[in-house]
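Novice: Before I ask anything, let me first share the structure, which is written out below as structure tokens.
The values are calculated or read from the model by the stated rules, or taken from the named source; none is laboratory data. This is a predicted model, so every value here is computed, not measured. Counting neighbours? That spans all protein chains shown, and the Cβs are built from the backbone with ideal geometry, glycine included. Side chains are part of the model used for accessible areas, which takes the heavy atoms of the whole protein and leaves out ligands, DNA and RNA. Shrake-Rupley method; radii C 1.70, N 1.55, O 1.52, S 1.80 Å.
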Amino acid sequence: MQSLLNDIRFGARRLIANPGFTTAAILTLALAIGMNAAIFSVTSALLLRPFPYYEPQRLVSIQVVEDATTERDGTLLRYELLRDREHAFEGVAAWATDNFNLTGVGEPVQVPVARVSSNFFAMLGVRPRLGRAFSEDEGRAEGKPVVVLSDAIWRSRFGSDPNVVGRTVSLDGTATTVIGVLPAGLQFPFVEPADIWTPRYFEHTLFSPQRLRMGVGYLGYLARLKPGATMAQGNAELAVINQQYREQNPTAPDAGASVEMRTLPLRDVVVGDARNKLWLLTAAVAVLLLIGCANVASLLLSRALARRRELAVCAALGASRGAVIRQLLAESMLLALIAGAIGIGLGVAADRALTVWGVGQLPQGVPVNVDLRVLSFTVGISLLTGIVTGVLPALQIMRADLNSALRDEGRGTAGSRSRGRMRSLLVVGQVALSLLLLIGAGLLLHSFERLLRVDPGFAANNVLTMNVSLPTEKYAKPEQQTAFFDEVLRRVSALPGVQDAAVSAALPLTPKRLTPVLPEGQPEVPLAQRPFIDIEAISPGWFRTMRVPLVAGRGFTDADDGKSPKVLVVNEAFAKRFWPGQNPIGKHVVVGRGPAPSEVVGVAADVRNKGLAAETMAQLYLRFKQLPWGDMNLLVRTGVAPLSIAGAVRAQIAAVDPDQPVTAVQTVDDLVDGSRAQPRFLMMLLAVFSVTALGLAAIGLYAVLAWSVAQRRQEIGIRLALGAEKRDVLWTVVRQGLALVVAGIAIGLAAGVFLTKLMSSALYKTSAQDLTTFAIAPVLFLGIALLASYLPARRATKVDPLEAMREG
């Protein structure tokens, strides 16, 4: 132990005596370790850390899927069957999201609400910090209206009132009693964020009780496996229950033969497609760490070779070879541990940046922080880094005859050149790894550039949008809903700066409702076997407001009201799918349960209705008055900055109903930009990693060539004295650098052909072996390599022949 402490003290003195080297090595490793710590903290939170619920490994999500791929919302009828007949499950809970208007507590505000079955909190093992959870009686239709508040709304709207339990609040005009407050920081990542929780899962603002009983999908299912039960047993039981559901509800929209139920681990549902992206980022920062290790190992190797005489003297005085090697390893470990301590700080800062920058790009509801697991990981990779960076110089010393170092080995000899082979190999490795990251970033950049060029099918500029969700109690009748929005549109359209205004159930790029349809000419099949199509309720001015052209027929008019025959506008994708080569105008479609078919009066140009990266789905547009809803989005096209008139629009809505709040005030440009946020987030992260790696590789190349020039100083001086041209000396050094880079590029390209296939799922209409990217990345690297090689080469041409020969 004493000898170890002596080695550490001696290593510390050596590092302090060489501040330039020490600073460069520590910063290089700290940057790489910090990035690894940051990405690992996200990976740990999403993939490794147990969820904060009772025995979370037994929690599963029950999903309803069609054709084994398309996930559908569950129905109330399915839940009742699951709840009453489960055997492999200890319990099954249901949940759905909704919006309520909260009044009587400050200004009217619309709040997100989670409708859950009464056993929801008990199944998760969650206890409120104040009050209690729901009772079974409160989960029945005749039960007393009660709610549990989130900690956030308890603080913001109720002033952290400790006596809030028992208080009555008004939700959508219904007096409701507060019975509890959830613990601070508790989130449920499989449920959309909610401020209020209610046990009335059998209701929904958007759907009448009759429609819910008819099989409208709106629920998610959560279950807990019994101790010892397996996922396979759960799936087998679900297959039986699914068959019972078909037999009992043959006319339900989700009773088709292609619809089944399955279980998935809760973590898989929370993480979703972020898992592959996390592994991609983890691989990227691991590559960056390897490059950093190679860089620092190269620096340590130079120091070890420069100290060969000193180490030989130690050996001659009786120091064992093991003691010499231990001293070198102590120095590298000390460097790595200091870098690890700084890396933890960088990791914390990076986590905060990711939390802000990556909002909405990573699964929400799972706290990302530097905990004991992350600290242990950081210490572990710091120790590993210390070993990796120190073992190469140590191996070189072990292989060398230290006693021979006491003899003055001439510069420029083969022995000196052999010492640089390891450094050259390290540079080749850095170039290969850096090129991999550069190719990955290039592929994502090419993919994102193509995503930017996607035409959404509408004009997004200068359009303001906001959500208006009418309370069910106050606007229970369809005529009340349509009258409210008609008056709002009349008032808003008259505002200065407003060019057009409309309402729609769904926001641009986002589907809202899927409904079974029977287009004219298709085989008569039961409701459950009909194709599900995206339907959109809009006001007549929607096509004009969004600048969506009609390619045939007409749009909606004021005459298409709730009393007139039902009419439709279909998009081009719908017409091509069901009536290829035919004129859709005048055709009929049975929407949902019908019974009367609706006539097609127009065909609209396709708009992206499932995000920018997905192909346009077949879609039906219905006149809002013929399909009224209380939850609508107001869209206002302006001749001025859209957000500048948001206050005036709010005022007109308040003039119609002073208790009606609005939410989600934003521009359509922001919506379109948000649909590109996740690929941009991934691209920017990988670009940062690749640029960092590129810089480290360039520094490593420069260091090797500078060391080579210093080692060959006498040789270069003699060549110049014998008449060699400076350009020949310049080319010799540059050629040495290019040889290393070309070797690294060849290895990097070969590896890239295979490894970039793992990125395919993150690319939009871009091949993982995109020739343009694979061609540009090496050229870019060669350009940087030329610059890194030129600087030491230029220094070589300035060697004084006489001075160099005297040094020999």
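Novice: Any chance you could run the full-extension gain for Q499 through E80? It's 0.36 nm times the residue separation minus the Cα-Cα distance, nm to one decimal.
Specialist: 145.9 nm
Novice: Suppose every K and R has +1 on its Cβ and every D and E has -1 on its Cβ; what is the size of the dipole of the chain about the Cα centre, in Debye to the nearest 20?
Specialist: Working: 81 positive and 66 negative charges, 689 e Å.
Here the chain has a charge dipole of around 3320 debye.
Novice: So, in nm, how far is label L375 from label E520 when the simple model puts each one 7 Å beyond its Cα toward the Cβ?
Specialist: Output for this residue pair reads 7.2 nm.
Novice: Would you list the P(r) distribution for the chain, with all Cα-Cα distances sorted into 10 Å bins from 0 and each bin expressed as a whole %?
Specialist: Reading the bins upward from 0: 2, 11, 16, 19, 17, 12, 9, 7, 5, 2, 0.
Novice: What's the angle, to the nearest 10 degrees (0 to 90), between helix 19-43's Cα axis and the longest principal axis of the chain?
Specialist: It works out to around 30 degrees.
Novice: Summing -39500 (n - 2.57) over the DSSP H runs of n ≥ 4 in the chain and dividing by its residue number, what mean residue ellipticity at 222 nm do you reach, to the nearest 500 deg cm²/dmol?
Specialist: The helix contribution divided over the chain gives -16500 deg cm²/dmol.
Novice: While we're looking at this one, here's another question. Calculate the spin-label point distance for L383 paired with D67, positioning each point 7 Å from the Cα along the beta-carbon direction, and give it in nanometres.
Specialist: So the two model labels end up 5.3 nm from each other.
Novice: A follow-up question, please. Between D669 and R421, what is the label-point separation in nm under the 7 Å Cα-to-beta-carbon projection?
Specialist: Taking the simple label geometry, R421 and D669 are separated by 6.2 nm.
Novice: What relative contact order, as a whole-number percentage, does region 559-701 give when Cα pairs under 8 Å and 6 or more residues apart are counted? Don't jump to the answer; show the numbers that get you there.
Specialist: Numbers: 121 pairs, mean separation 31.1, N = 143.
Worked out over region 559-701, it gives 22 percent.
Novice: Take each of the peptides 272-278, 292-298, average the number of other beta-carbon atoms within 10 Å over its residues, and list them starting from the highest. Could the numbers behind the result be given before it?
Specialist: Details: 272-278: 15.7, 292-298: 27.1.
Those peptides, ordered most packed to least, come out 292-298, 272-278.
Novice: A follow-up question, please. In sequence order, what are the phi-derived ³J(HN,Hα) couplings for region 284-293 according to the Karplus relation 6.51 cos²θ - 1.76 cosθ + 1.60 with θ = phi - 60°, rounded to whole Hz, with x for glycine and proline?
Specialist: 5, 6, 5, 4, 4, 5, 4, 5, x, 4
Novice: Rounded to the nearest 20 debye, what is the charge dipole size of region 178-237 about its Cα centre when +1 sits on each Lys and Arg Cβ and -1 on each Asp and Glu Cβ? Can you show the working numbers first?
Specialist: Details: 5 positive and 4 negative charges, 41 e Å.
In debye, rounded to 20, region 178-237 gives about 200.
Novice: Now, a different point. Past 26 Å, Cα to Cα, is the threshold; run K144/K512; K477/K566; K512/K576; K477/K576; K576/K757; K474/K587 against it and keep the listed order.
Specialist: K144/K512; K477/K576; K576/K757; K474/K587
Novice: On C-alpha positions alone, give me the angle between the axis of helix 321-357 and the longest principal axis of the chain, in degrees, nearest 10.
Specialist: Roughly 30 degrees, rounded to the nearest 10.
Novice: Further question: Give me the extension gain from S644 to R735: residue separation times 0.36 nm, minus the current Cα-Cα distance, reported in nm with one decimal.
Specialist: Contour length minus Cα-Cα distance gives 26.7 nm.
Novice: Collect residues whose amide H, placed 1.01 Å from N in the peptide plane, falls under 5 Å from the amide H of A501; neighbours closer than 5 in sequence don't count.
Specialist: Those lying under 5 Å, H to H, from A501 are R637.
Novice: Have a look at S44, A17, G34 and report the one farthest towards the positive end of the charge dipole of region 1-136, computed about the Cα centre with Cβ charges (Lys/Arg +1, Asp/Glu -1).
Specialist: Result: A17, furthest along the dipole toward the positive end.
Novice: Between T230 and Q529, take the C-beta separation as r, use R0 = 30 Å, and let me know the FRET efficiency to the nearest 0.05.
Specialist: After rounding, the FRET efficiency stands at 0.40.
Novice: If you count only protein heavy atoms with a 1.4 Å probe, what accessible area per residue comes out for region 542-597, rounded to a whole Å²? Walk me through the intermediate numbers first.
Specialist: Details: 2950 Å² over 56 residues.
About 53 Å² of surface per residue is accessible.
Novice: Right, next: Rounded to the nearest 10 degrees, what's the angle between the helix 414-452 long axis and the longest principal axis of the chain, both from Cα atoms, 0 to 90?
Specialist: Rounded to the nearest ten degrees, it is 20.
Novice: Relative contact order of the chain: what whole-number percent is it, with Cα pairs under 8 angstrom and at least 6 residues apart?
Specialist: Reported as a whole number, the value is 16 percent.
Novice: Same structure, new question: How much of the accessible area of the chain, in percent, comes from carbon and sulfur atoms when a 1.4 Å probe is used? Intermediate values should be presented prior to the final figure.
Specialist: Details: 20550 of 34850 Å².
On the chain, the fraction of accessible area on carbon and sulfur atoms equals 59 percent.
Novice: Give a quick list of trypsin sites (Lys or Arg not before Pro) in region 18-122 that DSSP marks as loop, anything other than H, G, I, E or B, with at most 12 other Cβ atoms within 10 Å.
Specialist: none
Novice: Please give the residues of region 435-455, grouped as numeric ranges, whose backbone N is less than 18 Å from a label point set 7 Å along the Cα-to-Cβ vector of K765.
Specialist: Only 443-455 pass the distance filter.
Novice: Counting other Cβ atoms within 10 Å of each Cβ, which chymotrypsin sites (Phe, Trp or Tyr not before Pro) in region 22-74 have at most 15 and sit in a DSSP loop?
Specialist: Counting only loop positions with at most 15 other Cβ atoms within 10 Å, the chymotrypsin sites (Phe, Trp or Tyr not before Pro) in region 22-74 are Y54.
Novice: Of all beta bridges DSSP finds with both residues in the chain, what is the antiparallel percent, to the nearest 5?
Specialist: 80
Novice: Now a separate question. Across region 665-682, in residue order, what do the Karplus-derived ³J(HN,Hα) couplings come to in whole Hz, using 6.51 cos²θ - 1.76 cosθ + 1.60 with θ = phi - 60° and x for Gly and Pro?
Specialist: 6, 6, 9, 5, 4, 5, 4, 5, 5, x, 5, 9, 5, 5, x, 5, 4, 5
Novice: Taking R0 as 25 Å, what's the FRET efficiency between T251 and S564 from their Cβ-Cβ distance, rounded to 0.05?
Specialist: E(calc), rounded to 0.05, equals 0.35.
Novice: How much length is gained on full extension from T772 to L186, taking 0.36 nm per residue of separation minus their Cα-Cα distance?
Specialist: Gain on stretching T772 to L186: 206.2 nm.
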